[in-house]
Amino acid sequence: MIADGLLPSKGPTGPARYVFPRRRRGFPAVDRCRMRSRVRVSVHFKDDTSVVSLTGKFVAGSDGPYLRQKVKDLIEAGTRKLLFDFADVPYIDSTGLGFLVGSREVAAEAGAVIVVSGMNPHVRRILEGVKLTQFFELVDDESTGLARLEELLRARQNASDARGAEPAKPRARKRPVGSAE
């Protein structure tokens, strides 16, 4: 029986105990379960759109804060259209949901637009289960996502032109009550 990457071993005086497997030659001593479950990210650009492609299971770990910072850096660099490609993400947990919500918040503050593409039915059901689909534009593939981003940005510009107002500016964060200046 293997539990959490540990192998059973009979102790010197009796009951079984669990030990880490010995390191094989040429392999680093890392937790192979965590290594398999990490999500990988790659960013490429199509015209003025940043396409953030995610690969792997989006589960608990340090991935969420790292990826949120990546999105924040893209927005601070001037990106106003983001397409998250979830085609190669088979599973998502609260870390991935936190990444999506945090990214949406950062984008909204900066006046950027996010579209999520390629979500498999399982991941989409998870988003529906926690009632997050209403906050995101979900499309089937990258090309549809790029077209939808253009539509959303055009509609936003038309709405601001009709009001005669300037485009949305980033909102200042509110200070908590009782905080010292």
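Miscellaneous remarks
- Any hit, segment 153-169, residues being closer than 21 Å to GLY78 by Cα, polar (S, T, N, Q) and touching an Asp or Glu at 6+ places or on another chain (Cβ under 8 Å): yes
- Some residue of segment 160-168 being modelled with pLDDT of 90 or more and either crowded, with 17+ Cβ neighbours inside 10 Å or of a type in the set (Ser, Thr, Tyr) (or both): no
- Scan segment 132-155 for residues that are exposed (fewer than 12 other Cβ atoms within 10 Å of the Cβ) and assigned to a loop (DSSP other than H, G, I, E, B) and the total you get is 2.
- Across segment 74-123, the qualifying residues are those that are part of a helix (DSSP H, G or I), in contact (Cβ under 8 Å) with a residue 40 or more places away in the chain and of a type outside the set (A, V, I, L, M, F, W, C), and the one among them that is surrounded by the fewest Cβ atoms within 10 Å (Cβ to Cβ) is GLU109.
- Filter result (at pLDDT 85 or above, more than 14 Å from GLY102 (Cα to Cα) and either among the hydrophobic types (A, V, I, L, M, F, W, C) or in a loop (DSSP other than H, G, I, E, B) (or both)) within segment 47-73: ASP47, ASP48, VAL51, VAL52, LEU54, GLY56, LYS57
The values are calculated or read from the model by the stated rules, or taken from the named source; none is laboratory data. The shown structure was predicted, so the numbers you read here are calculated from the model rather than taken from an experiment. Note: ideal-geometry Cβ built from the backbone for every residue, glycine included; neighbour counts use all protein chains shown.
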